[in-house]
Amino acid sequence: MSTTQTPPVLAAELAQAWADIQRHHPELPDLAAPESLIGESSSACGHELSFERLLHEAVHGVAAARGVRDTSRAGRYHNRRFLAIAEELGLDHPEEPHPSSGFSLVTLTPEAKRRYRPTIERLQRALKAHSAATAGDTARSFRGPAARHGSSGGGVRVKAVCDCGRNVRVVPSVLAQAPIVCGGCGKPFRIPEVVGAAS
């Protein structure tokens, strides 16, 4: 079961980038499982993994926090409520909606590119390193849900916490490979020891 250390490092960078978005949009919930985005593109979202894709997922997170139904057709069609939140977060869709996916193909605005420049550059470096490490090894790439639109796969997730009280849900074997660091306090997430039986 030899796995390269790159995916957990990339998961940590994704978690950090998500925390950077949360600084501008505090209502955004924590990213439950950053590793589920690695090695997978979402046809519903229409993006390969990138900061733009992460910001797209953040739109869904804010919509969920607000109780807004931002998609239909099994999560494929991104409606005008999605677009309104996307614009708040720094994404734009200058054209008419796509007939089957709606406003899913949003792009970063120039202002968002400026705001998140260091985050984008850091994540691009991590993605490049991940691609180099996994070239020719596509069968071993991480597989998870197609963003929030698909099924949850890849093992049972448990709650991991950091020193400042934030939490994420993660597959224990992923956390065991390398630390996932909290963007708020800089400490690694850990699975609390439960006295007695497992949950």
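Every number here is computed from the coordinates shown, using simple stated rules; none is lab data. Since the structure is predicted, the reported quantities are computational estimates derived from the model, not experimental observations. Quick reminder, even Gly has a Cβ in these numbers, built from the backbone with ideal geometry, and neighbours come from all protein chains shown.
Just a few scattered comments:
- Spin-label model, residue 66/residue 81: points 7 Å from Cα along the beta carbon direction are separated by 1.0 nm.
- Gain on full stretching of the segment that runs from residue 111 to residue 125 - 0.36 nm per residue minus C-alpha separation: 2.9 nm
- Amide hydrogen neighbours beyond the local backbone of residue 166, cut-off 5 Å, H modeled: none
- Environment charge of residue 55, counting only residues whose C-beta is closer than 12 Å and scoring Lys/Arg +1, Asp/Glu -1: -3
- With θ taken as phi - 60° and the Karplus curve 6.51 cos²θ - 1.76 cosθ + 1.60 applied, the whole-hertz 3J(HN,Hα) list for the range 60-74 is 4, x, 5, 4, 4, 4, 8, x, 9, 7, 9, 9, 9, 6, 6 Hz, x standing for glycine and proline.
- A straight chain from residue 96 to residue 73 at 0.36 nm per residue would run longer than the Cα-Cα distance by 6.5 nm.
- Phi angles of the range 17-24 translate, via the Karplus equation with coefficients 6.51, -1.76, 1.60 and θ = phi - 60°, into HN-Hα couplings of 4, 4, 4, 5, 5, 4, 4, 8 Hz per residue; Gly and Pro are given as x.
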